[in-house]
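J.: One structure coming up, written as structure tokens, with questions to follow.
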Amino acid sequence: MFSAMLLVMCPICAEPTKPSRMEQAVRLVSPVTGVFITMLESAECIGEEMIRGESEWAPASALTAIAMAEAAKAETAIVKNSDPTDPSEVTAEVAEILDKCEAVSREVKTSKVVVIQTVYNLVFETEAISEGVLYFESPEKRSIDLRSSEVPRGTRSSRIGKSGNPFRLERSRGESWMWLPDEIACGDCESKTFHRLQMTREIRETYSWGWLATLPPPFLFDLQSHQLRLDWKLSLLRTHKDGIILRAIPRATALKRRYSECWILVDDKTWCVTAVKCFDASGNLEVVYKLGTRTINESLSADCFDPTLKWQGYKEFKLD
């Protein structure tokens, strides 16, 4: 199995890019809330009541948060000036693989794909598994629903930690995201709340880090060869009984702050991505997505890309 093979392969040796101070602080709050604060500079909203857990990076006051927001502005300017404008060089073999994947993606107008997400915390040696569904509608509608799952008594992780003991299985947290042409939305099934952010051109251009931080997990939806080569350096990692494994090293500055690298398993018969493993830039997390049953080019339910329909009865969290 691909997931088992991924777990036994050696970790990368390159030192990941250290997250910025703003990113470190944003990680302490819920993903959407943290990004919204960054993008809208709502420094007054970053209070101790929003911090989850203890950390030396927790903002001590609104003034600290404002200073961090100013630092984020400066970092955004660096991102704009340093991102590559030419596609990365690839071998003829990799170019052919990408072209075949893109050709298959172009034929997909809608898709519904079963997904299993496994999150490994390398610091605390824990493993959390969620199951759910990916939805896609061409050209720019994407969503993911992941269900919270309990750990059956007596179940053990197959991954062994540095201590020589298996990772500890933990209950996963359900989450639901939508990425639409003009907004991003996230629902929390446990708190029965949801968040929305209208994506204007100004926000996209001014807050490039915040915008990229909310993008869908890479390689799970449509694949476009040119864009992939702009954002990633791609190479053939190895062939596998289940297909071909590509290695992707981020080139875009914002992506470097999220990932040190990703591995993509491509079925060499269907040219569809069947699994992705993402290595967090901090070196503390690894996230594996395994894609299962696909339903292609069939009608999707109306609530797939409509926050008010999907999260009926939820309280909408608004930023003034």
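J.: Residue by residue through the range 92-108, which ³J(HN,Hα) values in whole Hz follow from phi under the Karplus form 6.51 cos²θ - 1.76 cosθ + 1.60 (θ = phi - 60°), with glycine and proline marked x?
T.: Residue by residue, the range 92-108 yields 4, 5, 5, 4, 5, 4, 4, 5, 5, 5, 5, 4, 5, 4, 5, 7, 8 Hz.
J.: Moving on to the next point. Ordered by packing density, taken as the mean number of other Cβ atoms within 10 Å over each peptide's residues, highest first, how do 298-308, 181-191, 242-252 rank?
T.: The densest-packed peptide leads the list: 242-252, 181-191, 298-308.
J.: Still on this structure: Of the cross-linked pairs Lys112/Lys192; Lys256/Lys315; Lys192/Lys290, which ones have a Cα-Cα span greater than 32 Å in the structure shown?
T.: Listed pairs above 32 Å: Lys256/Lys315.
J.: Quick one: which residues, 5+ away or cross-chain, put their amide H under 5 Å from the amide H of Thr126? H built at 1.01 Å from N.
T.: Asn121, Arg168
J.: Going highest first, how would you order 93-100, 156-163, 170-177 by mean Cβ packing within 10 Å?
T.: Going by the mean number of other Cβ atoms within 10 Å, highest first, we get 170-177, 93-100, 156-163.
J.: Given a 1.4 Å probe and every protein chain left where it sits, what share in percent of the accessible area of the range 207-320 is carbon and sulfur?
T.: 47 percent
J.: Hey, can you grab everything whose amide H is under 5 Å from the amide H of Gly161? Only 5+ residues off in sequence or another chain; H modelled, so Pro and N-termini drop out.
T.: For Gly161, the qualifying residues are Phe167.
J.: Separation between the Thr85 and Asp306 pseudo-spin-labels, each 7 Å from Cα along Cα→Cβ, expressed in nm?
T.: 4.3 nm
J.: Right, here's the next one. What list of ³J(HN,Hα) values in whole Hz, one per residue of the range 274-286 in order, does the Karplus curve 6.51 cos²θ - 1.76 cosθ + 1.60 (θ = phi - 60°) give from phi, with Gly and Pro shown as x?
T.: With coefficients 6.51, -1.76 and 1.60, one gets 10, 6, 9, 10, 10, 9, 5, 4, 6, x, 9, 10, 10 Hz.
The values are calculated or read from the model by the stated rules, or taken from the named source; none is laboratory data. Quantities reported herein were computed from a predicted structural model and do not represent experimental measurements. We place every Cβ from the backbone using ideal geometry, glycine too, and count neighbours over all the protein chains shown. What goes into the accessible areas is simple: the full protein's heavy atoms, side chains included, and nothing from ligands, DNA or RNA. Shrake-Rupley method; radii C 1.70, N 1.55, O 1.52, S 1.80 Å.
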